[in-house]
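Here's the structure, in structure tokens; my notes come after.
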Amino acid sequence: MVDFLQMVLSGIAVGSSYALMGLGMVLIYKASEVPNFVQGEMALLPIFIAFMLLSTYGVPYYIAFPATLIFALLLGCFLEFAILRRAKEPNVLGLIIITIGMEMMLLGFVSWKFGADQRAMPFPISAYDSIVIGDLFISTLDMLTLVVALVIMLILFLFFRFSKIGVAMKATQQNENAAALMGIKTKQIRMVTWGISSMVGSVAGLLIAPVLVEPYMMWDPMLKGFAGAVVGGMTSLPGAVFGAYIIGIVEHLFGGYVSIEFKSVVAFAIIVLVLCIKPSGLFARHYVKKV
Amino acid sequence: MAFFEVKDLSIQFGGLKALDGISFELEKGEVYAIIGPNGAGKTTLFNCINGIYQPRAGQIMFKDKNIRGKKPDKVAKAGIARTFQNIELFNNMNTMENIMLGRHLYMKTGLFRGAFLWGKNSFAGKEEVAHRKKVEEIIDFLDLQAARNKLVGGLPYGTQKQIELGRALALEPELLLLDEPCAGMNAEEKQDMIFWVKDIQDELGITILLIEHDMNMVMDISDRILALNFGRPITEGKPEDVQKHPEVLKAYLGEDEGECAA
């Protein structure tokens, strides 16, 4: 029983970073209707910027982390403004290819500028200390990830519920033409959505970085986050979070009870299963337009 | 200078001239209707005015400023609101939120003041209360009380049309474009809509540009009518004159009508 609870707890902890990546992808999917494969690399470059600031220039954490997040915001806005928006009447396939292209560009840039060796980022708390709750262990970093993920979800919820930009984003996602006619600058809104998504992803990245920094570090969280988002329905923010936690927990249980070797594969088996049973995802809401 | 004026407006899609040299003027406070068979270019004209389409030639003058080529949000800001033929609401939001979005242009509270300054007497609080009052006025005006907290996606068609009208009114426009406000409504709903359009004209003093197929409504409420066919104007004038115009009859009833009768 203790084993089981321990695995669930670790699953929730690792699911938190998947959840952040999934949230980022869902935000962009809702705004631009494209599965965003550059999500991981949109976080990767800011992480390396943080790494550079911290280890090369010795900038303190309390400046380096906010600076990184602001850089992530600008990077997301830039990618949408400079590349995606320039696509002339693109279809979904074209947009996907564009995101993959951006992903390769950023990955190449990071590998060229910072090198591909594995490192760890200096971080205020150690990745190898643990907190003990009863018989259960959770590392302080996992605990921090969990808390930060919950705080970000709360902020996003409040943002979409109460802020003017947040409501404008929701409106733009639901009906772009009508939103424009309400005086909402829809293009600008889409750009800011990319920026916010990039920021959310970068937070996940910053919380993974103390363990490992290398150019491919964001691949796994991104794919798992994507898997979680698909399980949740791709259009629902709570769905993405829930899906990501399911993936995290099932992955750990599978690793513990069945096979540690195939642990990573299980996420994708879940996608297949969910798509067979409920293709629109567990949380997708559909409103059939009455005519 | 007229309050609102369209001069020689033309737009092409490929080889198709969807609009070809449309010109008309609106006086402040009047109801001006545009009629014509399907495909005549009525909705295209609205889309050009709103900035959804970018016409190549012509002018759209609103209060002495050319708004042709402006983006939709700029046109909204200039004081032009519209409703759609096929309802374009925010389906996953309730009626209140939909109409509230019409107030978007008037909201000043930014992220910081919204997040950190709370309470009824704060700037954000006062602003929120003011906007909600305005929305309640519109809800009362259009009898939407019963639908206030329901998601609009599941509401009856006629109610959705009303909500769209309410959302457009929330922008406090000077010119309101109504794209087939009565389409798909039953007789009772149509009658209500006619009253509201008259009220909007009389009480709120909003100028209305209207597309409608229901001739009874058009004849009842419009001050002047423009008839279009194949993107070209056929005739313009008072309802009773337009109704009798031979070209209009031909466009609506078909080319052979005269020969058959003869």
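A few comments on the model shown:
- Calculated [222 nm] ellipticity per residue, helices only, for chain A: -23000 deg cm²/dmol; basis is -39500 (n - 2.57) per DSSP H run with n ≥ 4, divided by all residues, nearest 500.
- Rounded to the nearest 500, the helix-only mean residue ellipticity at 222 nm of chain B stands at -11500 deg cm²/dmol, with each DSSP H run of n ≥ 4 adding -39,500 (n - 2.57).
- In a fully extended conformation the segment linking residue A:92 and residue A:262 would gain 58.0 nm over its present Cα-Cα distance, using 0.36 nm per residue.
- The modelled label-to-label distance between residue A:275 and residue B:28, using points 7 Å beyond Cα along the C-beta direction, is 6.0 nm.
- Cβ neighbours within 10 Å from other chains - mean over B:45-58: 1
- Couplings 3J(HN,Hα) for the range A:254-265, derived from phi with the Karplus relation 6.51 cos²θ - 1.76 cosθ + 1.60 (θ = phi - 60°), are 4, x, x, 9, 10, 7, 6, 5, 9, 3, 5, 6 Hz, where x marks Gly and Pro.
- Counting DSSP beta bridges with both ends in the protein assembly as shown, the antiparallel % (nearest 5): 60 percent
- The fewest-to-most ranking of A:73, A:93, B:19 by surrounding Cβ atoms within 10 Å reads A:93, A:73, B:19.
- Cβ-Cβ FRET estimate between residue A:109 and residue A:33, R0 fixed at 25 Å, reported to 0.05: 0.40
- Other protein chain Cβ atoms within 10 Å, averaged over every residue that makes up B:94-101: 3
- Annotation: the residues B:20, B:223, sorted from fewest to most other C-beta atoms within 10 Å of their own C-beta, follow the order B:223, B:20.
- Each part reduced to its alpha carbon centroid, the range A:1-15 and the range B:123-185 end up 49 Å apart.
- Each peptide among A:173-180, B:197-204 gets the average number of other Cβ atoms lying within 10 Å of its residues, and from highest to lowest they stand as A:173-180, B:197-204.
- Across A:149, A:127, A:87, mean-square fluctuation computed from a Gaussian network of chain A (C-alpha pairs under 10 Å connected) peaks at A:87.
- Spin-label model, residue A:5/residue A:129: points 7 Å from Cα along the beta carbon direction are separated by 2.4 nm.
- Per-residue mean of foreign Cβ neighbours for B:115-127 is 1 (Cβ atoms of other chains, 10 Å radius).
- Our summary gives the range A:60-177 a relative contact order of 11 percent, counting only alpha carbon pairs under 8 angstrom and 6 or more residues apart.
- Taking the fewest neighbouring Cβ atoms within 10 Å as the starting point, the ordered list for A:16, B:122 is B:122, A:16.
- Members of A:164/B:198; B:198/B:238; B:42/B:71; A:170/B:74; A:224/B:150 lying beyond 26 Å, as alpha-carbon distances in this model show: A:164/B:198; A:224/B:150
- Candidates A:166, A:40, A:22, ranked by Gaussian network fluctuation over chain A, Cα under 10 Å, top entry: A:166
- Choice from B:120, B:238, B:17 showing the highest fluctuation, given a GNM over chain B with Cα pairs closer than 10 Å: B:120
- Net +/- balance of residues flanking residue A:77 in space, Cβ distance below 12 Å, scoring K and R +1, D and E -1: +2
Since every read-out is calculated from the coordinates, none of them should be taken as a lab result. Predicted, not measured: the structure shown is a model, and the values here were computed from it. Positions of Cβ are generated from backbone atoms using ideal geometry, with glycine treated the same way; all protein chains shown enter the neighbour counts.
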